[in-house]
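Participant: Here's a structure for you.
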């Protein structure tokens, strides 16, 4: 679609424009000159992109950019790149400023495209992921479900939402069998499969036992057959030398722990592998390539590597399947008086949320409506607390930290508070319309966006609405072709984005009166600001949906 008065075909992306600027500089001989997007409110007053003076000195005599280069940058094809208003050389370097009214018009007329990842050349080429949350295989009750396990589940649940948003198929395993664990998941908004029926894995497990007894997998390096190590109520354990078996079957051990070798295989281990195999066999019926992503705590990483190799040995067809491991750092509780389980953690945060709500709103905090609000705040607080840190990094919980329950700017409750402020704003406008104070809202294409001149307005558009697709693309990016078996993912990106957006929105909201006096000459600016707030609200709601958090309509 074309709009904005520049011949541009929207949506247009910040990253595409940045690459276009870089390519134009390279074509003009400035191959080592790098251009970057500005993000601070101070710098955005005068520029949107910058080529630093130091980079200019390395590419142009005396660091002076020829006029013809500036003209080429300003004349970049408007239909493909964000429209440029001016380029100028300053003490800071070469500054590039966009035609902001045109950009406001182009984005806000229809911001729906900015609520999804950036389309790529591979769109439509799906990958099918088996997301194996390893701690859940041994989770038979809440008593065995630790805080580190909860973190792994939250990250896997969020990652599944991100992958599905970009078009991939995702299968989550294993399903939850315990009702108490499932009830906790429902309270937290975790969308994990739950089934009261156990999968028919007995036949597969029996086949594995027979293979371990009869085949080369159970011979040691000297060629001597290995017998079952023990018989107990827990089942049979087999001793397998993974290193020699892998070498014999020409399985690469690159990326695995060099100490990996002896593996005492339990019945539970075989059940774990059987569930993987059943999911894999089901997926083989489709045409999409398949990858297995094991989400595992750092304490269980070594054991999961053994399971990975044993599955390859037991099922020849999986030898070439891509298996990657996403490692979750530990969760440490400061000064614990006793072992803190997940149910105690949830109950404590919920009681803190209730107490904070009563202190702020008084005795009206009761009834089903408030119960839902407190549950949403609790879920948001816990998820941001456990997920806003890179997945390999340790999380330290201060269970007495009252910032968790108030408007501390890094908390999930703060994000929810700002969602509620926006909802209240729109309700206030609607009520005023019903009273005849304001006219009905025009269509987005009829709004005049030239009145959006506040620094905070451009900040919200350029740093958040327009960059949200890139955050989504980055957060869902997992390299299946990288060397080794470990992968990293930006699982913290959405939480951090929401916190920063909420802080900048709050500053703007506290400073600017969006709903002004009911005077006709002020309506144009009010409509432009309301449409910008709709864009901010759309981003907030879309991001929270990826965390499976229900935004609040009031608080």
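Readers should treat all values here as calculations from the given coordinates under stated rules, not as data from a laboratory. All figures in this text were calculated on a predicted structure; none of them were measured in a lab. Please note: Cβ atoms are built from the backbone with ideal geometry, for glycine as well, and neighbour counts cover all protein chains shown.
Participant: Rounded to a whole number of µm²/s, how large is the Stokes-Einstein D of region 24-175 at 25 °C and 0.890 mPa s, given Rh as the Kirkwood radius over C-alpha pairs?
Facilitator: 124
Participant: What is the angle, in °, between the Cα long axis of helix 520-546 and the longest principal axis of the Cα atoms in the chain? Nearest 10 is fine, range 0 to 90.
Facilitator: Taking the Cα atoms of the chain, the angle to 520-546 is about 10 degrees.
Participant: Taking only the alpha-carbon positions of region 246-306 and ignoring solvent, what does the Debye formula give for the base-10 log of I(q)/I(0) at q = 0.16 Å⁻¹?
Facilitator: Computed log10 I(q)/I(0) values: -0.72.
Participant: Something else about it: What FRET efficiency comes out for residue 113 versus residue 203 if R0 is 56 angstrom and r is the Cβ-Cβ distance? Round to the nearest 0.05. It would help to have the intermediate numbers written out before the result.
Facilitator: Values: r = 49 Å, r/R0 = 0.87.
It comes to 0.70.
Participant: Can you give the calculated 222 nm mean residue ellipticity of the chain, where each DSSP H run of n ≥ 4 adds -39,500 (n - 2.57) and the sum is split over every residue, rounded to the nearest 500 deg cm²/dmol?
Facilitator: -14000 deg cm²/dmol
Participant: Moving on. So between residue 186 and residue 524, what do we pick up on full extension, going 0.36 nm a residue minus the alpha carbon distance?
Facilitator: 117.3 nm is the gain from fully extending residue 186 to residue 524.
Participant: Here's something else I'd like to know. Could you work out how far helix 342-361 tilts from the main Cα principal axis of the chain, as a 0 to 90 degree angle to the nearest 10?
Facilitator: Helix 342-361 sits roughly 30 degrees off the main axis of the chain.
Participant: Next question, about the same structure. Can you give me the three principal axis dimensions of region 289-369 from its C-alpha atoms, in Å, biggest first?
Facilitator: The principal-axis extents, from largest down, are 64, 33, 16 Å.
Participant: OK, next. Just for the Cα atoms in region 128-333, what are the lengths along the principal axes, largest first, rounded to whole Å?
Facilitator: If we take the Cα atoms of region 128-333, the spans are 53, 40, 34 Å.
Participant: Where does helix 179-188 land angle-wise versus the long Cα axis of the chain, in degrees 0 to 90, nearest 10?
Facilitator: Helix 179-188 sits roughly 10 degrees off the main axis of the chain.
Participant: Okay, next question. Let me make sure I get this right: for region 409-555, a, b and c are the square roots of the gyration tensor eigenvalues over alpha carbons, sorted descending. Under 1.5 in a/c it's rounded, otherwise prolate if a/b > b/c, else oblate. Which is it?
Facilitator: Values: a/c = 2.67, a/b = 2.11, b/c = 1.27.
Prolate.
Participant: Could you tell me which of rounded, prolate or oblate describes the chain, using a ≥ b ≥ c as the square roots of the eigenvalues of the alpha-carbon gyration tensor, with rounded for a/c under 1.5 and, failing that, prolate when a/b is larger than b/c and oblate otherwise?
Facilitator: Working: a/c = 2.51, a/b = 1.52, b/c = 1.66.
Here the chain falls in the oblate category.
Participant: If you take the beta carbon distance between residue 302 and residue 252 as r and set R0 to 25 Å, what does 1/(1 + (r/R0)^6) give as a FRET efficiency, to the nearest 0.05?
Facilitator: The formula returns an efficiency of 0.90 here.
Participant: Grab the beta carbon distance between residue 67 and residue 443, set R0 = 35 Å, and tell me the FRET efficiency rounded to 0.05.
Facilitator: Values: r = 42 Å, r/R0 = 1.21.
E between residue 67 and residue 443, to the nearest 0.05, is 0.25.
Participant: Based on the mean of other Cβ atoms within 10 Å per residue, sort peptides 17-23, 535-541 so the most packed one is first.
Facilitator: 535-541, 17-23
Participant: Which shape class, rounded, prolate or oblate, goes with region 14-98 when its Cα gyration tensor gives a ≥ b ≥ c as root eigenvalues, a/c under 1.5 marks rounded, and past that a/b bigger than b/c marks prolate? All intermediate terms of the calculation are to be shown ahead of the outcome.
Facilitator: Values: a/c = 1.59, a/b = 1.12, b/c = 1.42.
Because a/c hits 1.5 or more and a/b fails to exceed b/c, region 14-98 counts as oblate.
Participant: How much length is gained if the chain between residue 259 and residue 214 is pulled fully straight, taking 0.36 nm per residue apart and subtracting their Cα-Cα distance, in nm to one decimal?
Facilitator: The residue 259-residue 214 span can extend by a further 13.6 nm.
Participant: Please state the relative contact order of the chain as a whole percent: Cα pairs under 8 Å, 6+ residues apart? Write down the numbers at each step before the final one.
Facilitator: Working: 835 pairs, mean separation 90.3, N = 555.
Taking the mean separation of contacting Cα pairs over the length of the chain, I get 16 percent.
Participant: Within region 327-354, list the residues whose amide N lies under 17 Å from a label point set 7 Å along Cα→Cβ of residue 398.
Facilitator: Inside the label zone: 332-337, 349, 352-353.
Participant: Suppose we keep just the DSSP beta bridges with both residues in the chain; what percent of those would be antiparallel, to 5?
Facilitator: 45
Participant: Residue 368 to residue 428: extension gain in nm, 0.36 nm per residue of separation minus the Cα-Cα distance?
Facilitator: Numbers: separation 60, 0.36 × 60 = 21.60 nm, distance 2.37 nm.
In short, 19.2 nm is gained.
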